[in-house]
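Trainee: Pasting a structure here, questions to come.
The values are calculated or read from the model by the stated rules, or taken from the named source; none is laboratory data. Quick caveat: nothing in here was measured; it's all calculated off a predicted structure. Here Cβ is always computed from backbone atoms with ideal geometry, including for glycine, and neighbour counts include all displayed protein chains. The area values use the complete protein model at the heavy-atom level, side chains included, leaving out ligands, DNA and RNA. Shrake-Rupley method; radii C 1.70, N 1.55, O 1.52, S 1.80 Å.
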Amino acid sequence: MKLQQLKYIWEVSRHNLNVTATAESLFTSQPGISKQIRMLEDEIGLQIFRRSGKHLTEITPVGKKIIAFAGEILDKAENIRQVALEFSDEQRGSLSIATTHTQARYVLPGVIKTFIEQYPDVSLHMHQGTPVQISEEASKGNVDFAIATEALELFENLIMMPCYKWNRSVIVPHDHPLAKAGELSLKMLAKYPLVTYVFGFTGRSQLDQAFNAEGLRPKVVFTAADADVIKTYVKLGLGVGIVASMAYDSELDQDLTSLDASHLFDASTTKIGFRRGTFLRSYMFDFMNMFAPHLTRELVQRALETESQEELDKLFANIELPRH
């Protein structure tokens, strides 16, 4: 049994049993992968995949267990490699982050600038996507960190740590009636067409819950995953925008008025998550601390020792989070 064979069955399972796609992702040949999988099955005397001709059709019940163990072994092997790198050169390596547009555009630039200045030999890679995509990438080990507000709780193998709280602002052109209406109410907002986030993005669920609690049905006429896109269509007069307060820039958005809406909606919490069992290198601890100063190395180490989300929630229960 070879580590390479375990790698092949793990990757094939992640590529929907498409051996050709797996071979392309691993920069190897399809026949080579098929041969190694057959050799592994012959060695253990069990069939991992069912076949129809030359095509893999499904994973056998025992194959699912074997692939799960293979994933754990590959994780351990990667941790060994990371330990070796940490002690050979703690200033060099790579860091991959999956996040949403709002985080990447409005929260992370200063953090990343500081990080790169401190660790110039660490290559930094950012991936943007939906909260579910982001969380899934971290759950599968494709990225080191997931930073998002929604969907992280869907994956039980992620350690999710709260970073900061934030709320929303209403944005309108300067001549809009709401610009001079005083304190906003949900009833006032419900009278106008709304432009806001796609459901599942950037705390959208709290927005919907607030209207539902008041028995109101908001007129959402346009949704987008990108706050800049939302602002563009507000400027065009499509509707009243509701965005994360951090997404309003008084210098760049001079043709819009921002109105506080934090009294209308529950605050949302942005979290950073990584896969349980991950070996965190020194610069990874430092990145988390730069992003959320309360995430000290000691606190993150304690989070690593928890075995459930319930334990993790208790660990952070008495920590007052900063607000953006």
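Trainee: Any idea how many residues of segment 288-318 are within 15 Å of Cys163 (Cβ to Cβ) and among the small types (Gly, Ala, Ser)?
Mentor: In the first step, residues of segment 288-318 are kept if they are within 15 Å of Cys163 (Cβ to Cβ); the result is 288-296, 299-300, 303, 312-313, 315-316.
Among the residues that remain, those that are also among the small types (Gly, Ala, Ser) are: 292, 303.
Qualifying residue count for the region: 2.
Trainee: Let me ask something else about it. Please go through segment 20-37 and give me each residue that is closer than 16 Å to Ala68 by Cα and either open to solvent by 30 Å² or more (accessible area, probe 1.4 Å) or not in a helix (DSSP H, G or I) (or both), ordered by number. Before the answer, list the steps.
Mentor: The first filter runs over segment 20-37 and keeps only residues closer than 16 Å to Ala68 by Cα, leaving 37.
Answer for segment 20-37, where residues must be closer than 16 Å to Ala68 by Cα and either open to solvent by 30 Å² or more (accessible area, probe 1.4 Å) or not in a helix (DSSP H, G or I) (or both): there is none.
Trainee: Cβ-Cβ distance below 7 Å, separation of 6 or more or different chains: which pairs start in segment 269-285 with a residue that is over 9 Å from Ala146 (Cα atoms) and end on one that is assigned to a strand (DSSP E or B) and of a type in the set (Val, Ile, Thr)?
Mentor: Note: pairs meeting the criteria are Thr270/Ile147; Arg276/Ile159; Tyr283/Val122.
Trainee: Does Asn289 satisfy the criteria of being free of Cβ contacts under 8 Å to residues at least 24 places away in the same chain and within 21 Å of Leu124 (Cα to Cα)?
Mentor: Working: free of Cβ contacts under 8 Å to residues at least 24 places away in the same chain: yes; within 21 Å of Leu124 (Cα to Cα): yes.
For Asn289, the condition - free of Cβ contacts under 8 Å to residues at least 24 places away in the same chain and within 21 Å of Leu124 (Cα to Cα) - is met.
Trainee: Please go through segment 270-280 and give me each residue that is of a type outside the set (Lys, Arg) and buried (at least 16 other Cβ atoms within 10 Å of the Cβ), ordered by number. Outline the logic, then answer.
Mentor: First, the residues of segment 270-280 that are of a type outside the set (Lys, Arg): 270, 272-274, 277-280.
Thr270, Ile272, Gly273, Phe274, Thr278, Phe279, Leu280, listed by residue number.
Trainee: May I pose another question? From the set of residues in segment 281-323 that are among the aromatic types (Phe, Trp, Tyr) and at pLDDT below 95, which is surrounded by the most Cβ atoms within 10 Å (Cβ to Cβ)?
Mentor: Tyr283
Trainee: How many of the residues making up segment 2-19 are surrounded by 13 or more Cβ atoms within 10 Å (Cβ to Cβ) and more than 20 Å from Lys64 (Cβ to Cβ)?
Mentor: 1
Trainee: Can you tell me how many residues within segment 89-127 are outside any strand (DSSP E or B) and of a type outside the set (Phe, Trp, Tyr)?
Mentor: Step one: of segment 89-127, the residues outside any strand (DSSP E or B) are 89-92, 100-121.
Next cut, of a type outside the set (Phe, Trp, Tyr) only: 89-92, 100-105, 107-114, 116-118, 120-121.
Adding up the residues that qualify gives 23.
Trainee: If I ask for residues that are touching a residue at least 60 places away in the same chain (Cβ under 8 Å) and not basic (Lys, Arg), which ones from segment 1-57 would you list?
Mentor: Kept after step one, since they are touching a residue at least 60 places away in the same chain (Cβ under 8 Å), are these residues of segment 1-57: 3, 6-7, 9-10, 14.
Passing the criteria: Leu3, Leu6, Ile9, Trp10.
Trainee: Residues of segment 225-261 being open to solvent by less than 10 Å² (accessible area, probe 1.4 Å) and closer than 13 Å to Val198 by Cβ, which ones?
Mentor: The answer is Ala227, Ile230, Ile242, Val243.
Trainee: OK, next. Here are some conditions: (1) at pLDDT 90 or above; (2) outside any strand (DSSP E or B). Ser258 meets all but one. Which one does it not meet?
Mentor: Going through (1) at pLDDT 90 or above; (2) outside any strand (DSSP E or B) one by one, Ser258 breaks only (2).
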